[in-house]
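The values are calculated or read from the model by the stated rules, or taken from the named source; none is laboratory data. Since the model is a prediction, treat every value here as computed from it, not as a measurement. No Cβ is skipped: glycine too gets one built from the backbone with ideal geometry, and neighbour counts run over all protein chains shown. Keep in mind that these areas ignore ligands, DNA and RNA; they rest on the heavy atoms of the full protein, side chains included. Shrake-Rupley method; radii C 1.70, N 1.55, O 1.52, S 1.80 Å.
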Amino acid sequence: MAESMKGLHRTCRCAEVTKDMIGQEIVLMGWVQKARDKGGIVFVDLRDRSGIMQLIFENGTIDEEGFAKAGKLRSEFVIAVTGTVEKRGGAVNPNLATGELELVVRSLRVLAESEVPPFPIEENSKTKDEIRLKYRYMDLRRPDLQRNLMLRSRVAMLTRAFFAKEGFLEIETPMLGKTTPEGARDYLVPSRVHPGHFYGLPQSPQLYKQLLMCSGYDRYIQIAKCFRDEDLRADRQPEFTQIDMELSFVDVDDVIDVNERFLAYLFKEVLDVDVKLPIQRITWQEAMDRFGSDKPDMRFGMELHDVSDIVKDCGFSVFTGALENGGSVRGINAEGQGSMPRKKIDKLVEFAKGYGAKGLAYIAIAEDGTRKSSFAKFMTDEEMDALVKAMDGKDGDLLLFAADKKKLVYDVLGALRLELAKQMDLLDKNEFCFVWVTEFPLLEWNEEENRYTAMHHPFTMLMEEDLELLDTDPGKVRAKAYDIVLNGNEIGGGSVRIHQNDIQERMFQELGFTKEDAYEQFGFLLDAFKYGVPPHAGLAYGLDRLVMLMAKVDSIRDVIAFPKVKDASCLMTKAPSAASEAQLKELALAVNVEEETEE
């Protein structure tokens, strides 16, 4: 039966016990990690969020009733103990902060008993995700997850402290806003007071933070909850958190400067990692040409080589056909992989097909210089020599090629480069390699809608020197946009905003908006711009993704307390759930769910 803790006060957490406290009487409270009854003595590992402390129950040191209770302790019982800190009489545990100490218990209270846990509470759990997420409140007791969430808390606190010192004001923006059809799908919230009308949960505080600049607040910061109704991946959730900021009277360099100093401060304080400043900058085009990705992982080489000119007159129709159709031929050199078995190369071909490639051409160069190739019979020895030279191919290397439309070649080789890096063990989680990617295309062509859409959003400023291209070649217009990338992950992105009415109208025109459409969606912002708007720019970090990389884990679910699964549901609470008829009636809603018919 559970006892009360009346009169007891915890003096410290388990891992806060130090050698200086030897001989002192203290009170600890926590969960039983494990208990071992050795007859005349009971050993218990007591766990709280700080770590573990070994408890010793001896007949004579504690009364008979207390010793009897100690013998019945099981995993996850919640207990309070009073005792004296002593140096361990037995073996020292070097894996624990308190490994040289133990608490000789004088009194014990069982505050709560526990049923047998659904899985062991241990680090690096091998239990299936579905079970762990169903019992997330148990899963969150695991020390590795607790460390992750404590790290997240520290990142949030340091972020607020840094930006406060830099003159930023923390201002909250609304959760219930206007729904907009541009971009990802909104989560809709029906209004009871305005039947048939809906709020949209924010995909970002973008419009509000621009209005704050119009209102003269100069520097804004918010750790903001955001929502997107889109398909999930390991590093995506339907609700996520941004470190969101906006600054007035600034240009690209000003935003980059304050954020470089922020990253250097954060990584030094949290991980004792020195971020070398200034962080390297490359343009979007350079990133695509060298790495096949606008979020390049710079921890390793294996860069793309454009060999289109080398093979344009060769006899291999796969190469020449792609070039005749306006495409590109590019390759990567997997150094030292020339002896890769054919079966493994075939798996790489299948991997490339998953990204849209029709196939993958290769040249495997053995250590003795002999070559095996999937297309050598279509080319002369001279052409093969020139191709190998263009790829910096050496004895022992594996050269892989993709030929198709340029975008597809980038996608295939960019993904293949990362897959090979995993296989070759080139991705060190203890290395933090930052890069700014700048000068993104302002617009991208949407095949389905047969029009240009904004690569970022409609308020992104273009490079002034590209203004004339809006009329002649909109696809070549560059934006004053910038992403900060860490180890192949975009952790943040932003842009300088348009603050001139004439350019904003041109932008809407290019996106296919009529003046009426623009005012229907963004009228409140456009009206605000009539009353004196300063030049402004901003940036937002994905806090979940940033903490995931700092914690060196593979999924943002490991740094979020209560995450959703792939279908955006919660296995623990069973959300989303059906609403009652009374709730629907009050909201003037009717639900029409199409039943699946058996074929």
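If you roll a 1.4 Å probe over the heavy atoms of the protein chains, what accessible area per residue do you get for segment 181-254, in Å²?
48
Which of the listed residues, 114, 363, 528, is farthest toward the dipole's positive end in the chain, when Lys, Arg count +1 and Asp, Glu count -1 at the beta-carbon?
114
Name the residue from 245, 262, 226 whose Cα lies farthest towards the positive end of the charge dipole of segment 176-271, charges +1 on Cβ of Lys and Arg and -1 on Cβ of Asp and Glu.
Toward the positive end, the furthest listed residue is 226.
Going from most exposed to least, what order do 411, 554 have by accessible area with a 1.4 Å probe?
554, 411
Treating only the Cβ atoms of Lys and Arg (+1) and Asp and Glu (-1) as charged, compute the dipole magnitude of the chain about its Cα centre; round to the nearest 20 debye.
Dipole about the Cα centre, nearest 20: 2420 debye.
GluC sites (Glu not before Pro), restricted to segment 447-535: which are DSSP loop and have at most 10 other Cβ atoms within 10 Å?
Listed in order of number, the matching sites are 447, 448, 449, 468.
Write down the accessible area per residue of segment 36-85 in Å², having rolled a 1.4 Å probe over the full set of protein chains.
Heavy-atom accessible area per residue stands at 42 Å².
Starting from the Cα of residue 172, step 7 Å along the direction of its Cβ; do the same at residue 526; then give the gap between the two resulting points in nm.
About 3.2 nm, to one decimal.
What FRET efficiency comes out for the pair residue 565/residue 126, r = Cβ-Cβ distance, R0 = 22 Å, nearest 0.05?
Details: r = 18 Å, r/R0 = 0.84.
Efficiency for this residue pair is about 0.75.
Using r as the Cβ-Cβ distance of residue 444 and residue 25, and R0 as 56 Å, what FRET efficiency do you calculate, to the nearest 0.05?
Efficiency for this residue pair is about 0.25.
For the chain, what's the relative contact order in percent, using C-alpha pairs closer than 8 Å and at least 6 residues apart? Present the calculation step by step, with values, prior to reporting the outcome.
Values: 1097 pairs, mean separation 75.7, N = 599.
Computed over the chain, the figure is 13 percent.
Where nothing but the Cβ of Lys and Arg (+1) and of Asp and Glu (-1) is charged, how large is the charge dipole of segment 450-599 around its Cα centre, in debye to the nearest 20?
760
If I take R0 = 35 Å and measure r between the Cβ atoms of residue 377 and residue 407 in this structure, what FRET efficiency does the formula 1/(1 + (r/R0)^6) give, to the nearest 0.05?
0.75
If you stretched the chain out fully between residue 464 and residue 582, how much longer would it get, using 0.36 nm times the residue separation minus the C-alpha to C-alpha distance?
Here the answer is 36.8 nm.
Once you have the Cα-Cα distance between residue 164 and residue 274, take 0.36 nm times their residue separation minus that, and quote the gain in nm to one decimal.
Numbers: separation 110, 0.36 × 110 = 39.60 nm, distance 2.21 nm.
Extra length available between residue 164 and residue 274 comes to 37.4 nm.
Counting each DSSP H run of 4 or more residues in the chain as -39500 (n - 2.57), what helix-only mean residue ellipticity at 222 nm follows after dividing by all residues, to the nearest 500 deg cm²/dmol?
Rounded to the nearest 500, the figure is -8500 deg cm²/dmol.
Let me spell out the model: positive unit charges on the Cβ of Lys and Arg, negative unit charges on the Cβ of Asp and Glu, origin at the Cα centre of segment 96-218. What dipole size does that give, in debye rounded to 20?
180
In this model, which of 126/574; 134/295; 353/422; 422/566; 377/406 are farther than 29 Å apart at the alpha-carbon?
134/295
Tally up the carbon and sulfur contribution to the accessible surface of the chain as a whole percent, 1.4 Å probe, everything protein left in place.
Carbon and sulfur: 49 percent of the exposed surface of the chain.
If you line up the long axis of helix 252-271 against the longest principal axis of the chain, both from Cα atoms, how many degrees apart are they, to the nearest 10?
30
Can you list which of the trypsin sites (Lys or Arg not before Pro) found in segment 415-445 are DSSP loop residues with at most 13 other C-beta atoms within 10 Å?
Passing both the DSSP loop test and the Cβ count: 429.
Can you give the accessible area per residue of segment 384-538, in Å², using a 1.4 Å probe?
Accessible surface, normalised per residue, equals 44 Å².
How about segment 487-574: which chymotrypsin sites (Phe, Trp or Tyr not before Pro) there lie in a loop by DSSP and see at most 14 other Cβ atoms within 10 Å?
Qualifying residues, ordered by number: none.
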